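The structure appears right after this line, and notes come after that.
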Amino acid sequence: GQDAKAPDVYTLVMLQGGLGMPDRDYYLSKDPKQAETKAKYLQHLTNVLTLAGEKNAAARAKAILDHETKIAQVHWTKADSRDRTKTYNKLTLADLAKRAPGFDFSAYVGGLGVNLDSVVVAQPSAVAGEAALIAKAPLSVLKDQLLVRSIDNYSAYLPKAFDQESFSFYGQTLNGTPEQEARWKRA
């Protein structure tokens, strides 16, 4: 997108990510409603892995949730993430690699098919924390997390059970939508 301090220049902006629920508070809050949502998310992860035909779905879902909870611990709050001054951190790829070891940012940027030497990092401490967590995480957990994200992202195009499961959590639990529109209307 456009560089916030040089609007005639386009740049790559990196933001904190890696969560299946909207915000860090869904993972870290002690509020009973948030705890209930977190339990429903764990069930959703288990259901998606089960629908995908994966073995040991409950244990693997718990490992994903534990990993995402660690990610939530390094995430910035909503208030800090809205601060335009704090979230403008232009770094060279070399500086980013030094600040956030554990993730090959040069390979990532190269894989995007872009040629640039700097990026704007919105939440540098969160990106550094996530890089460290990715480096330490078991590959199986990262693969399972990517599998669940892929299925959730494409659930509308998969068999009905996947679509219903995704709507049950994201539509009903998170957004409070009582009923999903008919599939033909969504198409």
field: region 90-136, residues that are open to solvent by 20 Å² or more (accessible area, probe 1.4 Å), assigned to a loop (DSSP other than H, G, I, E, B) and touching a helix residue (DSSP H, G or I) at 6+ places or on another chain (Cβ under 9 Å)
entry: 101, 102, 103, 104, 115, 116, 117
query: Right, residue 165: in a helix (DSSP H, G or I), under 30 Å from residue 4 (Cβ atoms), of a type outside the set (Ser, Thr, Tyr) and in contact (Cβ under 8 Å) with a residue 40 or more places away in the chain or not?
result: no
Index of the failed condition, residue 56 passing every other in (1) within 21 Å of residue 152 (Cα to Cα); (2) in contact with a helix residue (DSSP H, G or I) (Cβ under 8 Å, 6 or more places away or on another chain): (2)
query: In region 7-36, what count of residues is obtained for those that are touching a residue at least 24 places away in the same chain (Cβ under 8 Å), hydroxyl-bearing (Ser, Thr, Tyr) and part of a loop (DSSP other than H, G, I, E, B)?
result: 1
field: All positions within region 32-46 that are farther than 15 Å from residue 174 by Cβ and open to solvent by 50 Å² or more (accessible area, probe 1.4 Å)
entry: 32
- request: Kindly list the number of the only condition in (1) open to solvent by less than 60 Å² (accessible area, probe 1.4 Å); (2) within 18 Å of residue 137 (Cα to Cα); (3) in contact with an Asp or Glu (Cβ under 9 Å, 6 or more places away or on another chain) that fails for residue 49.
  value: (2)
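The values are calculated or read from the model by the stated rules, or taken from the named source; none is laboratory data. A quick note: this is a predicted structure, and the numbers were derived from the prediction, not measured. Because the Cβ atoms are built from the backbone with ideal geometry, glycine has one as well, and the counts that use them run over all protein chains shown. Note: areas computed on protein heavy atoms with side chains; ligands, DNA, RNA excluded. Shrake-Rupley method; radii C 1.70, N 1.55, O 1.52, S 1.80 Å.
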